[in-house]
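Here the structure is laid out as structure tokens; the discussion comes afterwards.
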Amino acid sequence: MTGLLDRTLEHLRALVAFDTRNPPRAIDGGGIFAYLREQLPGFDCTITDHGAGAVSFYAVRGKPRLLFNVHLDTVPDSPHWTASPFDLRVGDARAVGLGACDIKGAAAALVAAANASDGDAAFLFTSDEEANDPRCIAAFLARGVPYEAVLVAEPTRAEAVLAHRGISSVRMGFAGRAGHASGKQSASDSALHQAIGWGARALAHVESLAHERFGGLTGLRFNIGRIEGGIKANMIAPEAELRFGFRPLPSTDVEDLLVRFRDLADPAPALFEETFRGPSLPSGAIADAESRRLAARDVADALGLPIGNAVDFWTEASLFSQAGYTALVYGPGDIAQAHTADEWVALDQLDHYAKTVHGIIDDARA
């Protein structure tokens, strides 16, 4: 192992030990944030509590041109972990621990790289990414701090990702009429029948969009995640609720798509509410998005970062792009390991990322 990787793993061991699961997002300004403050001497540090367990830590040294952003919250652990998710296990080729891949490994490497150089650097650590409640990023954007580019850490196999899908989550409600299930029903009597019929039509519509493309991405990603309702098998369901989500291409008109999904209900839904929307990367209409993608590519080329393919998963880089920043996604690890039991990150990925970040910071010496 290299000295930089050793120090990265020391920090990663400490970061994994902090319980930052989201939910329940029981996070405060102490704990993991106090640790990071202690590990970044010489930085001007600000810890801000945005409520509901959303805490951000902004650390600046000198007058950097770039901002590194990484979230510290993790998904809950599953019952299939083979050991404590909060104890980092380091083998010959990988480090296993909750958040090691998504994305505490990057946070640990940022701290190690910063301490190995006295170059200018800026970090924004956040704790609300995993719950679709971006209070931390919204508060930072409201400050209007200028940066030439923002590098958002997510598992991209140490490749610069310039484009990804957006995300939208929707709650639908259906209203029927309670009655005995032995009688003949009309299409609108059962709320559950309405929900199931809507689902069939929605899936057919998604299939019709399979030919649409943008930057290597094809079609619409769509998922019906939950249907609830009804009372028992011999009663017509008077109420039902359905949750679905979709991940549009950067070129998709999300408002038009939402109207289309709503209009597929017959009769009209009792409730149709978008609960979260995240823009695509790059954000904006097609011409603006392409201009922002090219600007991000110029940044990646200037930093010597290999360009990766567009990805299907969503990141908060799109929020920076929407606010006018040049943004790209760059981090160690493979998204296939994120959110899994015994989540892991490859040591060579951590090593490469830490060395790359160190080079960027060292080149920024005032």
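The values are calculated or read from the model by the stated rules, or taken from the named source; none is laboratory data. In this text the structure is predicted, and so the values were computed from the model without any measurement. We place every Cβ from the backbone using ideal geometry, glycine too, and count neighbours over all the protein chains shown.
Quick rundown of the values:
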read-out	value
Test: residue in the stretch 304-326 that is crowded, with 21+ Cβ neighbours inside 10 Å, among the acidic types (Asp, Glu) and either in contact with a Leu (Cβ under 6 Å, 6 or more places away or on another chain) or farther than 17 Å from ASP6 by Cα (or both)	yes
Candidate set: the stretch 164-187, residues that are buried (at least 16 other Cβ atoms within 10 Å of the Cβ) and small (Gly, Ala, Ser); chosen: the one nearest to ALA233 (Cα to Cα)	GLY176
So GLY119, is it part of a helix (DSSP H, G or I), in contact (Cβ under 8 Å) with a residue 40 or more places away in the chain, of a type in the set (Gly, Ala, Ser) and touching a helix residue (DSSP H, G or I) at 6+ places or on another chain (Cβ under 8 Å)	no
Residue satisfying condition, being in contact (Cβ under 8 Å) with a residue 24 or more places away in the chain, among the hydrophobic types (A, V, I, L, M, F, W, C) and not assigned by TED's automatic domain parsing to the domain that holds GLU129, within set ALA289, ALA237	ALA237
Residues that are under 29 Å from ARG89 (Cα atoms), touching a residue at least 12 places away in the same chain (Cβ under 8 Å), part of a helix (DSSP H, G or I) and under 19 Å from the mean Cα position of the chain (by Cα), drawn from the stretch 315-352	ILE335, GLN337
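Condition check ((1) among the hydrophobic types (A, V, I, L, M, F, W, C); (2) in contact with a helix residue (DSSP H, G or I) (Cβ under 7 Å, 6 or more places away or on another chain)) across all residues:
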site	(1), (2)
ILE167	yes, no
SER190	no, no
VAL206	yes, no
ALA210	yes, no
ILE227	yes, yes
GLU255	no, no
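Yes/no matrix, rows are residues, columns are (1) within 30 Å of ALA317 (Cβ to Cβ); (2) out of contact with any Leu (no Cβ under 9 Å at 6 or more places or on another chain); (3) assigned to a strand (DSSP E or B):
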site: LEU192; (1), (2), (3): no, yes, no
site: TRP198; (1), (2), (3): no, no, no
site: ARG201; (1), (2), (3): no, no, no
site: GLU228; (1), (2), (3): no, no, yes
site: ILE231; (1), (2), (3): no, yes, no
site: GLU241; (1), (2), (3): no, no, yes
site: ARG260; (1), (2), (3): yes, yes, no
site: ALA265; (1), (2), (3): no, yes, no
